[in-house]
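Visitor: First the structure, then my questions, so here it is.
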Amino acid sequence: MEILNESKLRLIFSIIICLSFGLISFLSCIIAETKRHKKKDLKMDGKLCYLPANHAFGFGIAALICLFIAQIIGSSIVFRNSLLRREEKR
């Protein structure tokens, strides 16, 4: 059995982390959608209306941040692999 060198281990680890951030982002989006405000939550206070606080906004922001991190990791993996292939062709 071939022993994995450091670059292959780093690539596998990066892909696992990228997929983990993508999964966390997906789950945060689902949780944010289930916790969002409904029409019945709207309260009237004289002429003004307001919505009580909930955690849907926080889950949405967490999903956005995790997706952003996953995109950066994934793009850097693709960029690094394309640079390595260019160097091998020379």
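The values are calculated or read from the model by the stated rules, or taken from the named source; none is laboratory data. The model shown is predicted, which means the values in this text are computed figures rather than measured ones. As a convention, Cβ positions derive from the backbone with ideal geometry for all residues, glycine included, and neighbour counts pool all protein chains shown.
Visitor: Filter the stretch 4-18 down to the residues that are in contact with a helix residue (DSSP H, G or I) (Cβ under 8 Å, 6 or more places away or on another chain) and assigned to a helix (DSSP H, G or I), then identify the one that is nearest to Gln71 (Cα to Cα).
Guide: Cys18
Visitor: Where residues in the stretch 61-90 are surrounded by 12 or more Cβ atoms within 10 Å (Cβ to Cβ), within 18 Å of Ser7 (Cα to Cα) and of a type in the set (Gly, Ala, Ser), which of them is nearest to the chain's Cα centre (by Cα)?
Guide: Once the filter is applied, the top-ranked residue is Gly74.
Visitor: While we're looking at this one, here's another question. Within the stretch 13-57, restricting attention to residues that are of a type in the set (Phe, Trp, Tyr) and more than 19 Å from Gly74 (Cα to Cα), which residue is surrounded by the fewest Cβ atoms within 10 Å (Cβ to Cβ)?
Guide: For the stretch 13-57, the residue satisfying everything is Tyr50.
Visitor: Would you check which residues across the stretch 1-42 are basic (Lys, Arg) and either modelled with pLDDT of 90 or more or within 23 Å of the chain's Cα centre (by Cα) (or both) and list them?
Guide: Hits for the stretch 1-42 are Arg10, Lys35, Arg36.
Visitor: From Ala53, Ala63, Ala70, which residue is aliphatic (A, V, I, L, M) and either outside any helix (DSSP H, G or I) or more than 21 Å from Gly22 (Cβ to Cβ) (or both)?
Guide: Being aliphatic (A, V, I, L, M) and either outside any helix (DSSP H, G or I) or more than 21 Å from Gly22 (Cβ to Cβ) (or both) holds for just one of Ala53, Ala63, Ala70, which is Ala53.
Visitor: Show the residue pairs meeting these rules: Cβ distance below 6 Å; 6+ apart or different chains; first residue within the stretch 61-90 and touching a residue at least 24 places away in the same chain (Cβ under 8 Å); second residue of a type in the set (Val, Ile, Thr) and part of a helix (DSSP H, G or I).
Guide: Cys66/Ile24
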